[in-house]
Ligand SMILES: Cc1cc2nc3c(=O)[nH]c(=O)nc-3n(C[C@H](O)[C@H](O)[C@H](O)COP(=O)(O)OP(=O)(O)OC[C@H]3O[C@@H](n4cnc5c(N)ncnc54)[C@H](O)[C@@H]3O)c2cc1C
């Protein structure tokens, strides 16, 4: 059989690797090489998966379908695939990386001994249907697999053509939004806090109701807040902002203690600056004490309301979110080709025989932590199976 794959990202390459054993495969890729986004993942180290695949880490407009894709059988399929292609993994607190901690190792294992015809620098905008065949760039194929990615980070090649192709075949493309991105604030401290990093607990609130809590390194920026813990809150916040709901995050700068006031009492005769410098970046200490107008005081000199405000600020600092970064900076696209119209045992379209979808083009996305590559590999491998 002659099979076309549109897009040489992880989903397309995984599918190609399996299919090409018994079929003639052509991979169309608009870039001059494969895996441009894959090389950027995990800051070049490629967080390729996670040992905790709780379904709450995955998201779709149709959540009931997630377990049909993310399950032990399919996760085993991916692990076996990594072994087959000779990719050795490293487990860092549950986060999986290639042992080399280089995304180039993953790409190299995917490409090695891959017997396909690449058509690089070829942007596919149209697929014709003629009888039972597909015509792409004047070439005829028995089957087509669309693995074009979504709309996020478009400079890597994923700029949404997959969605147009899906729509032309009658597929529903639903709830497209950027996801896993930084948040914009307008609290007035952005210029001062830009560049500071610190470990926090951060919780998101939508219309005053708590939605999610994360722990991790927060990066303060000139436009707002960034870092993986923020990215993991951004999906719900983007959806809520679309509906003009009020969005806020609350920062706990002292996740190391549940009893900050006791700690302050134990140090009551010291200057606040000295106490805070013991657990905060000195620049953040300065900003907070200036904001509270208690810079040159000792804890024992504070009035009761000043003490309460200090504790509240350090453990429950409220920041209104006015916007999120968009597709240009987002790590993934949420929403996509509706899973309702896909046979999840094969990834074949229920509407068009011999047409398949895999990867980020689908209405399935995950948190930071390797979950999005897991989606790409699982769906790519399923789409690559059963073409004998
Ligand atoms: C900066 C960054 C860091 C990330 N880090 C991680 C991480 O550490 N762990 C993790 O799990 N996920 C991470 N992700 C997300 C992950 O990279 C994506 O979810 C994953 O690459 C999606 O794979 P895909 O094969 O579906 O699509 P893509 O990787 O986007 O590949 C699609 C390919 O199709 C090509 N293409 C698109 N349209 C056409 C067309 N019309 N014709 C021909 N070719 C076309 C594109 O050029 C591209 O090469 C990160 C993303 C970014 C942007």
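Suppose we keep only residues that are under 15 Å from residue 367 (Cβ atoms) and either more than 15 Å from the chain's Cα centre (by Cα) or not assigned by TED's automatic domain parsing to the domain that holds residue 187 (or both) within region 210-238. Which one would you say is surrounded by the fewest Cβ atoms within 10 Å (Cβ to Cβ)?
Per the stated criteria, the residue is 215.
Any idea which of 149, 160 is within 12 Å of the ligand (Cβ to nearest atom), closer than 21 Å to residue 341 by Cβ, free of Cβ contacts under 8 Å to residues at least 24 places away in the same chain and buried (at least 18 other Cβ atoms within 10 Å of the Cβ)?
Values: 149 fails: free of Cβ contacts under 8 Å to residues at least 24 places away in the same chain.
Within the list 149, 160, the selection yields 160.
Restricting to region 1-11, what's the tally of residues that are more than 6 Å from the ligand (Cβ to nearest atom), in a loop (DSSP other than H, G, I, E, B) and touching a helix residue (DSSP H, G or I) at 6+ places or on another chain (Cβ under 7 Å)?
Result for region 1-11: 0.
Regarding residue 357, is this residue closer than 19 Å to residue 164 by Cα and within 15 Å of the ligand (Cβ to nearest atom)?
So residue 357 fits the description; yes.
Identify, by number, the condition in (1) surrounded by fewer than 18 Cβ atoms within 10 Å (Cβ to Cβ); (2) assigned by TED's automatic domain parsing to the domain that holds residue 239 that residue 351 doesn't meet.
(2)
Consider only pairs whose beta carbons are under 7 Å apart and that are at least six residues apart or on different chains; among these, list those whose first residue lies in region 285-300 and is more than 9 Å from residue 273 (Cβ to Cβ) and whose second residue is assigned to a strand (DSSP E or B) and modelled with pLDDT of 95 or more.
298/271
Considering (1) part of a helix (DSSP H, G or I); (2) touching a residue at least 12 places away in the same chain (Cβ under 8 Å); (3) within 25 Å of residue 148 (Cβ to Cβ), say which one residue 67 fails and leave the rest.
With respect to (1) part of a helix (DSSP H, G or I); (2) touching a residue at least 12 places away in the same chain (Cβ under 8 Å); (3) within 25 Å of residue 148 (Cβ to Cβ), residue 67 is out only on (3).
What do you reckon, is residue 310 surrounded by 13 or more Cβ atoms within 10 Å (Cβ to Cβ), out of contact with any helix residue (DSSP H, G or I) (no Cβ under 7 Å at 6 or more places or on another chain), more than 22 Å from residue 61 (Cβ to Cβ) and not assigned by TED's automatic domain parsing to the domain that holds residue 367?
Judged against the criteria, residue 310 is not a match.
Looking only at residues in region 12-54 that are within 15 Å of the chain's Cα centre (by Cα) and in a helix (DSSP H, G or I), which one is surrounded by the fewest Cβ atoms within 10 Å (Cβ to Cβ)?
43
Only residues that are within 31 Å of the chain's Cα centre (by Cα) and either at pLDDT below 95 or not in a loop (DSSP other than H, G, I, E, B) (or both): list them for region 240-268, please. Can you show your working first?
Here is the first cut: in region 240-268, the residues within 31 Å of the chain's Cα centre (by Cα) are 240-258.
Selection gives 240, 241, 242, 247, 248, 249, 250, 251, 252.
Sort out for me the strands (runs of 3 or more DSSP E) sitting completely within region 99-209 that have 3 or more residues that are over 19 Å from the mean Cα position of the chain (by Cα).
Answer list for region 99-209: 117-119, 128-130, 133-136, 139-141, 143-146, 197-206.
Hey, among 379, 324, 333, which residue is away from the ligand (no atom under 12 Å from the Cβ), in contact (Cβ under 8 Å) with a residue 60 or more places away in the chain and under 20 Å from residue 177 (Cβ atoms)?
One residue alone meets the criteria, 324.
The values are calculated or read from the model by the stated rules, or taken from the named source; none is laboratory data. Just so it is clear, the model here is predicted, and its values are computed rather than measured. With ideal geometry, Cβ positions are generated from the backbone for all residues, glycine too; neighbour counts draw on all protein chains shown.
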